[in-house]
1. Just name the residue that is nearest to Leu41 (Cα to Cα) out of those in segment 55-72 that are assigned to a helix (DSSP H, G or I) and not polar (S, T, N, Q).
2. With modelled with pLDDT of 80 or more and exposed (fewer than 10 other Cβ atoms within 10 Å of the Cβ) as the only criterion, which of Thr67, Thr39 stands out?
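The values are calculated or read from the model by the stated rules, or taken from the named source; none is laboratory data. What you see is a predicted model, and the numbers here were worked out from it, not measured in a lab. Cβ placement follows ideal geometry from the backbone for every residue including glycine, while neighbour counts extend to all protein chains displayed.
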Amino acid sequence: MRVLVPQADGEHAAQVLRETLANFFVYTVRYGTLSWGPTFLKEAKGRGKKFVLLGLTHGVREVLQLTRLTGVFEIRGSEDDL
């Protein structure tokens, strides 16, 4: 029995490789954020450390308020406000 495997041209193979690597990094960051992030924030909050966020847009500020993360982060307009 003879199996024919279609040959991928170079551009298509490069695109598939880029998409695969992008997916790998996205899922790695997502997993790290969801599993390690809350633990890190709890430990840092217990030690009295503050996280400063600079130059946020109005939309990002609203999201922080909706998720009740404004108590975790100190929000400043720019580095000059520090």
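1. Filtering segment 55-72 for residues that are assigned to a helix (DSSP H, G or I) and not polar (S, T, N, Q), the one nearest to Leu41 (Cα to Cα) comes out as Leu64.
2. Of the residues listed, the single one that is modelled with pLDDT of 80 or more and exposed (fewer than 10 other Cβ atoms within 10 Å of the Cβ) is Thr67.
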